[in-house]
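Every number in this text was worked out from the coordinates using simple rules, so none of it is lab data. As the structure is a prediction and not an experimental result, all values here were calculated from the model. Note: ideal-geometry Cβ built from the backbone for every residue, glycine included; neighbour counts use all protein chains shown.
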């Protein structure tokens with residue numbers, strides 16, 4: 001049953017802003033409020049399938065994405081769903 005599988009998969013997800021510092025996770029989906037935000041994130045490489053490491057959580061979420069370091073607002077990081 002595809003529906004049950006999709007539901008189970010989403011149960012494994014968590015918001016990026018809940019990931020402890022130092023942990024590496026894979027982005028599985030992005031819930032953005034505006035299309036411009038999706039375009040900006042994808043331009044920085046923040047896309048489903050990308051592997052990121054949380055470097056800092058406060059005052060802003062700081063991520064390592066390959067050789068790039070990014071800082072994200074708390075609202076943005078809350079809309080990025082990840083899985084270990």
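Under the rule of -39500 (n - 2.57) per DSSP H run of 4 or more residues, summed and divided by the residues of the chain, what mean residue ellipticity at 222 nm is obtained, to the nearest 500 deg cm²/dmol?
Details: 3 runs with 24 residues, N = 84.
Value at 222 nm, helices only, nearest 500: -7500 deg cm²/dmol.
For the chain, take every pair of Cα atoms, bin their distances at 5 Å starting from 0, and report each bin as a whole percent.
It works out to 3, 16, 27, 26, 16, 7, 4, 1, 0, in whole percents.
Length gain on complete extension for the stretch residue 34 to residue 47, per 0.36 nm per residue less the alpha carbon to alpha carbon distance? If you can, show how the numbers build up before the last one.
Values: separation 13, 0.36 × 13 = 4.68 nm, distance 1.51 nm.
Difference between extended and current length: 3.2 nm.
Rank these for me by crowding, 62, 31, going from fewest to most other beta carbons within 10 Å.
Numbers: 62 17, 31 11.
Least crowded to most crowded, the residues run 31, 62.
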